[in-house]
Amino acid sequence: MVTVSANEEGYTLINYAEGKRPLKIVTYHINDEVYDGYFSEIVRFVQAEANAPSHVIQMEESKFFALAERLATVFCKAYAPTRNAGITKPEIRAAILFVLYAGIEAGHYSDKFTMTNTTLVRLGGDYNASR
């Protein structure tokens, strides 16, 4: 059974499997070209590496979150966003979950997204990306 909670540091914790550490996520704010560029890479990465949305939607919740964690781990090893740009793994997880959920909703992975003040990925500050 998956449980979601928040901690005092502002992270959302997703307990998805017994014996596994909870996934820690925090909103991915696209507030400059660096975050925008990494988000574009995340989108391409998920499109290339994740199961098709028609398969993802059929996954048990725990398997879905395990997929998201695997994608985040592989992405971070390949692109080193924390070392290269200060983008944390909890932010990467949030962006990957955002892309997966959007793909499920649309029935396919896209590079166009609706971002609001409640989504896992948000446009921030004065930066105006063409999303």
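No lab work stands behind these numbers, since they all come straight from the coordinates. In this text the structure is predicted, and so the values were computed from the model without any measurement. Note that each Cβ is placed from the backbone with ideal geometry, even for glycine, and that neighbours are counted across all protein chains shown.
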Neighbour-count order for HIS55, HIS29, fewest beta carbons within 10 angstrom listed first = HIS55, HIS29
Within a Gaussian network of the chain (alpha carbon springs, distance under 10 Å), most fluctuating of ILE25, ILE104, ILE42 = ILE104
query = Do you know the relative contact order of the chain, to the nearest whole percent, from alpha carbon pairs under 8 angstrom that are 6+ apart?
reply = 31
ask   = Separation between the LYS20 and MET1 pseudo-spin-labels, each 7 Å from Cα along Cα→Cβ, expressed in nm?
value = 1.8
ask   = In percent, what relative contact order does the stretch 41-102 have, based on Cα pairs under 8 Å that are 6 or more apart in sequence?
value = 45
query = Which aspartates and glutamates have a Cα less than 16 Å from the Cα of LYS112, not counting those fewer than 8 places away in the same chain?
reply = ASP36, GLU41
task = Straight distance only, please: which lysines reach the Cα of LYS20 with their own Cα at less than 30 Å, same-chain residues fewer than 8 apart left out?
result = LYS63, LYS77, LYS89
task = With runs of 4+ DSSP H residues as the only contributors, calculate the mean residue ellipticity of the chain at 222 nm using -39,500 (n - 2.57) per run, divided by the residue total and rounded to the nearest 500.
result = -15000 deg cm²/dmol
ask   = How much length, in nm to one decimal, is gained on full extension between GLU105 and LYS63, taken as 0.36 nm per residue of separation minus their Cα-Cα distance?
value = 13.3 nm
request  = Find the centroid of the Cα atoms in the stretch 45-78 and in the stretch 1-22, then give the distance between the two in whole Å.
outcome  = 18
request  = Compute the FRET efficiency between ALA48 and LYS77 as 1/(1 + (r/R0)^6), taking r as their Cβ-Cβ distance and R0 = 22 Å, and round to the nearest 0.05.
outcome  = 0.90
